[in-house]
1. In chain A, what % of DSSP beta bridges are antiparallel (nearest 5)?
2. With N set to the residue count of region A:205-295, report its C-alpha Rg divided by 2.2 N^0.38 Å to two decimal places.
3. Tell me the net charge near A:P191. Cut-off is 12 Å between Cβ atoms, A:P191 excluded, with +1 for each Lys or Arg and -1 for each Asp or Glu.
4. Please report, largest first and rounded to whole Å, the three semi-axes of the ellipsoid equivalent to the protein assembly as shown, where each semi-axis is the square root of five times an eigenvalue of the C-alpha gyration tensor.
5. What is the helix-to-structure angle for A:90-99, meaning the angle in degrees between its Cα long axis and the longest Cα principal axis of chain A, kept from 0 to 90 and rounded to the nearest 10?
6. Suppose all protein chains stay in the model; what accessible area per residue would a 1.4 Å probe give for the protein assembly as shown, in Å²?
7. Among B:32-38, B:234-240, B:91-97, what's the highest-first ranking by average C-beta atoms within 10 angstrom per residue?
8. Taking amide hydrogens as modeled 1.01 Å from N in the peptide plane, which residues meet the under 5 Å criterion relative to B:H243, leaving out close sequence neighbours?
Amino acid sequence: MILNRKDVLGLEDLEAEEILSILDMSERFRAVFDRPVRGVPIMRGRTVVNLFHEPSTRTRISFELAEKRLSADIINFQAASSSLRKGETLRDTAENLQAMRIDMLVVRHASAGAAHYLARVLKCSVINAGDGAHEHPTQGLLDIMTMRQRLGDLRGKKVTIIGDIAHSRVARSNIWGLTKLGAEVTLCGPPTMVPGGIDRLGVTVEYDLRRAVAQADVLNVLRIQLERHESKSFPSNREYHKLFGITEDVVRGLKPEAFVMHPGPMNRDVEIASEVADGPRQVILDQVANGVAVRMALIYLLSGGDPGALAGGDAE
Amino acid sequence: MAAWSWDRISAEYIVTNVKLCRGAKLSRRKGFLHVRRGVIEALGSGAPTVEGLPRLDGQGLVCAPGFIDLHVHFREPGQEEKETVATGSRAAAAGGFTGVVTMPNTVPAVDNPGLVRYIIDRGKEANLCRVYPTGAISPGRAGEALTEFGSMIEVGAVGFTDDGSPVTSGALMSNALKMTRMHNVPIISHAEDLSLTGPGVMHGGYWSSRLGLPGIPRASEDAAVFRDVELARATGGHLHVAHVSTRGAVQIIRRAKEEGVHVTAEATPHHFSQDHACCRDYSPLFKMSPPLREPDDVAAVVEGLVDGTIDCIATDHAPHTATEKEYQFDQAPFGVTGLETALAVGITHLVRDGRMDLEHLVRCMTEKPAAIMNLPGGRLEEGSDADFVLFDPDHEWVVDPDRFHSRSRNSSYCGESLTGKVVATFLRGRLTHRDETGSP
């Protein structure tokens, strides 16, 4: 199935079949990683702009790596080194990019909806690399890819997302993608961090960590940044770790095959204990590797790439 | 019969063939309005008996008192790129308004008699509608002390408010309300608990959770309305609650009125017709304060208007430049324009939906707001100034921001099809607006 759309702005917009075909393609790219030559020169001569209006290391490097392995020409815009800080409107930014005739825009922005706005005014493809607290679709895809590698079909599987749901774009993309694939999603965090009405997205809310993890097949643990909270939504990192931290003790309460994920970067011993972060139940580095594959697949498919192109490579 | 000319309206003329909207009664029979030197000389049903005067064929339009809006932002002085008293007056006339009450949150704030007089003078220069300024409650709207109410009233201030921001200090609000007992003008409350609003940019609920935008809880308004109502009860002052948007606020006001507290209230067209789902595409055209709430809040606001808990409709006309509204949702300023769509939104969402009759809607835009601020007008009566509007309650039109007379275009109804169009507006008998697309 060819991805027949201009942009990928969120998992909210994607059909289940589209998600699955992106993941299938991602697996093919993932297989290429073990070859001596990991590049696939299918984006030669095409220009991808990475517009990062918010600091990001992991996602930006992952996108860059994906683009380089596809042999795309890459331009990086950082917030600090562009006119974005000076209060240029998004429309001006968009029109400038339009004039430069780029083929694809990868955008990270602090404002929810920024990628949607750019997608509306730009003729080129737009991939949302995180917009405010709204969505982070490639993170959602790589999380789901990682889950699928271990659990197979996600229908009926229980995923518990733990942390600051209100401020998390990772949580929203996970919720949309997982519910579309039939997984049962439970959200767990302090009531001050679980936004009202979120259960209407078809998820269960649970404030008691032990209960939230007891039946889970996967824990997806979100990064906590208490210092960023304007109205004090939680007293301290220590209290957070005590009530919601994923410790070895919590992990002992999991089903035997259940595992722990984290989108990174981790605050060790806040939302996740170091022993768990380095322990046998986590798949954090798999997520990182899958992230590159997912981004390669998405860029490739959005550029009109043939989903069967790498089929022969699988056998090697 | 002398030939009618729109361009040269004589000192004395008769508008014929109109349905007169007087008080609670919309005449089914066609009637006439006789204007002489800016004053209503006579009016009634049937054909006029006086001969030899120029006549304007009203073509069966409704003839109502000129509308009065208790809540507009004309941005002058200081933000003339958004609107001026002149352009705002032009928009008002286009919306059928003959009187508007301006908010004092200009730059600098209208907190002294000089600026009150300045606004009035600018209004007279434009001469398209009556411009009634309010003054700030506190100097610089800083919420720290009281302004000179008496001196501002002397030059024409009709009420006081720190609109745009709440009066955080309960003690200051209490004193402001006490003052109204000797001054006989209302204190207009922008009811908001800023600590609850926090970084919020839209209503806090399902849609803000889904869109990942910080929410403004209903409690931000409810708690503030409750405080101000209790202060009005305690002081005996006249509290006017601006832009009511929540079910809770409607209930608090309803109960207070039943208990005899001197409280009046207004609601905006957007709060009785649109809800938070409008924000789904992140368009800043739906960003306003207070925010668009939930469907049951919209229903409660409508109910409040129907049963009189909410006395009147006010637009909270809040112009912003196109550039400002091109920022991302969370960065764009709060506010939408409203003067040029108010009647049509009322007809479309209240009258056609069967919630209230046209007479009631007209009263919510004429005599009721006039009574709250002790303003002249609001009724069609012999001997009163000839401030009136002709409108077609059945005319369907599509809102085209390029056709607005306001300097700004940030309407939340752009592209929407609405019913009811102002055809002509008259101030003291003089034509201030004529719709080029409509009849006659």
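1. 5 percent
2. Region A:205-295 yields a ratio of 1.11.
3. Taking every Cβ under 12 Å from that of A:P191, the sum is -3.
4. Numbers: eigenvalues 664, 172, 95 Å².
The answer is 58, 29, 22 Å, longest axis first.
5. The two axes meet at around 40 degrees.
6. Values: 28760 Å² over 756 residues.
Each residue of the protein assembly as shown exposes 38 Å² on average to a 1.4 Å probe.
7. Values: B:32-38: 19.7, B:234-240: 21.3, B:91-97: 30.6.
Highest mean packing first, the order is B:91-97, B:234-240, B:32-38.
8. B:E266
The values are calculated or read from the model by the stated rules, or taken from the named source; none is laboratory data. Computed from a predicted model, the values in this text were never measured in an experiment. Reconstructed Cβ throughout: ideal geometry from the backbone, glycine too, with neighbour counts over all protein chains shown. When the accessible area is computed, the model is the full protein with side chains, heavy atoms only, and any ligands, DNA or RNA have been set aside. Shrake-Rupley method; radii C 1.70, N 1.55, O 1.52, S 1.80 Å.
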